[in-house]
Amino acid sequence: MKKQIIILSALLGVATLGWSSDDAKGTAIDRLDNAATVLHQVMATPDKGIPEEVMEHAKCVAVVPHMVKGGFIVGAEGGRGVATCRTANGWSAPAFFSVEGGSWGLQIGVEGVDLVMIFQNQKGMDDLLNSRFKIGADASAAAGPVGRHASADTDWKMNAEILTYSRAKGIFAGLTLNGAVVHPDDDSMHSVYGAGVNYRDVLTGQVPPPASAHAFLSAVRGAKAQAAASN
């Protein structure tokens, strides 16, 4: 009887692990779909979205849907997002990351902020490819320009590696993210890609995108055209 109980417990443990893995994968896939929705909505906003030129210039695009924060210009709880980078064969498969801590000014008393980060040069891209970096220390970030076009304003090309955009309740605002730490979300990476898949390899195009990434990658590929269509 005791032996049967031990076997049953072991089987239940395996089943629980299997459920947890499936649940983590489902959560990661939901994040991909939510990130696609956020990008579509941001790009479709006339005069308030990300300019066409910024998307055309982007080396990497990262989205954190429904990032949790609160208080009055205080540190954030953080969030989890997805990122893709340009490669010789188009946009890479999405990699999963977490962003934590730091000072998140200009969003006062709000929870559920959608965040988009545009890595606009090689330095910014290299920082994202690293396993861990701090915004403001390792990579500079600034609130990105909004509107239909940014070509007349050259500062956005020179002053920061990362341009940030945030949205809460339909309102767009800058988000500096100084001090925030960005690092791989290993649990989500493992649940979607399996064991042994490297975060850097995913972002450099060494890993084929899963079918679940279709909506997000389509949103990134279509972002420039969507910005032009909203003019």
Give all pairs with beta carbons closer than 8 Å in which a residue from the stretch 180-198 that is within 13 Å of A213 (Cβ to Cβ) meets a residue that is charged (D, E, K, R); count only pairs at least 6 apart in sequence or on separate chains. S188/R31; S188/R80; V192/K25
Can you report the number of residues in the stretch 137-178 which are surrounded by 15 or more Cβ atoms within 10 Å (Cβ to Cβ), at pLDDT 80 or above and either assigned to a loop (DSSP other than H, G, I, E, B) or in contact with a Ser or Thr (Cβ under 9 Å, 6 or more places away or on another chain) (or both)? 7
Residues in the stretch 102-135 that are under 18 Å from D186 (Cα atoms) and either aromatic (F, W, Y) or at pLDDT below 75 (or both) total 1
Here are some residues: M67, M55. Which one is part of a helix (DSSP H, G or I) and either under 20 Å from the mean Cα position of the chain (by Cα) or at pLDDT 80 or above (or both)? M55
Candidate set: the stretch 86-101, residues that are assigned to a strand (DSSP E or B) and modelled with pLDDT under 90; chosen: the one surrounded by the fewest Cβ atoms within 10 Å (Cβ to Cβ): E100
Within the stretch 1-52, how many residues are at pLDDT 90 or above and of a type in the set (G, A, S)? 3
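The values are calculated or read from the model by the stated rules, or taken from the named source; none is laboratory data. This is a predicted model, so every value here is computed, not measured. Neighbour counts are summed over all protein chains in view; Cβ atoms, including those assigned to glycine, are modelled from backbone coordinates with ideal geometry.
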